[in-house]
Amino acid sequence: MKTLKLILGGNTAVAGFSDADWASQCHCHSISGFAYFVGLGTILWSAKKQPIFTLSSTEAEYVALTHAVKDILWIHKLLKEFTFLHTLSLPTVLYCDNQGAICLSKDATFHGHTKHINIHFHFICQTISSNSIKLIFLPTEEMTADIFMKSLVCVKFEKFRDDLNII
């Protein structure tokens with residue numbers, strides 16, 4: 001019988017993965033998903049229906065990034081309380097597989113094609129400019145957050161399982 005445990009040893013850097021499944025469900029809402037890791041240990045993950053309708057995959061990814069950033073700010077506050085266990089280094093890397101969403105997140109100017117997105121989704125620009133997070137592109141084939149929201153072929157699921165040392 002295997003013993004299950006949370007692995008926090010080795011590399012203790014915090015990193016996150018954010019992804020969206022754009023309007024593939026019958027309710028036409030996109031699904032946001034993210035996962036955060038300290039080293040190899042998953043410390044926080046989420047998959048949920050987005051509260052708004054998005055008109056493109058870029059917008060769906062942008063909304064997903066916003067949800068992921070809200071939770072990384074919470075993780076930052078939590079880890080600051082545990083400085084005797086973990087030294088937090090900023091910015092936290094957040095991986096995204098959509099170049100358009102990354103560009104939109106880094107440019108705080110008003111975009112006419114995103115004016116229908118509520119202003120609270122745009123706070124991600126401030127978080128990036130304050131150096132709390134750093135968005136990095138990661139190809140879809142390597143996106144760990146896919147496991148939380150998309151049907152995966154067996155080979156891709158096994159790759160994620162092996163990469164993360166999941167049973």
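The values are calculated or read from the model by the stated rules, or taken from the named source; none is laboratory data. Treat the numbers as computed from the prediction; the structure is a model and nothing was measured. Positions of Cβ are backbone-derived with ideal geometry, glycine not excepted, and every protein chain shown enters the neighbour counts.
Worth a mention:
- Filtered residues of the range 22-71 (kept if of a type in the set (A, V, I, L, M) and part of a strand (DSSP E or B)): ILE31, ALA35, VAL38, ILE43, LEU44, ALA47
- Listed by first and then second residue, the pairs with beta-carbon distance under 8 Å, at least 6 apart or on different chains, first residue in the range 42-56 and on the phi < 0 side of the Ramachandran plot and touching a residue at least 40 places away in the same chain (Cβ under 8 Å), second β-branched (Val, Ile, Thr) and in a strand (DSSP E or B), are ALA47/ILE31.
- Any hit, the range 157-165, residues being in a loop (DSSP other than H, G, I, E, B) and modelled with pLDDT under 70: yes
- Taken over the range 1-33, residues that are in contact with a Leu (Cβ under 8 Å, 6 or more places away or on another chain), modelled with pLDDT of 75 or more and not polar (S, T, N, Q) amount to 4.
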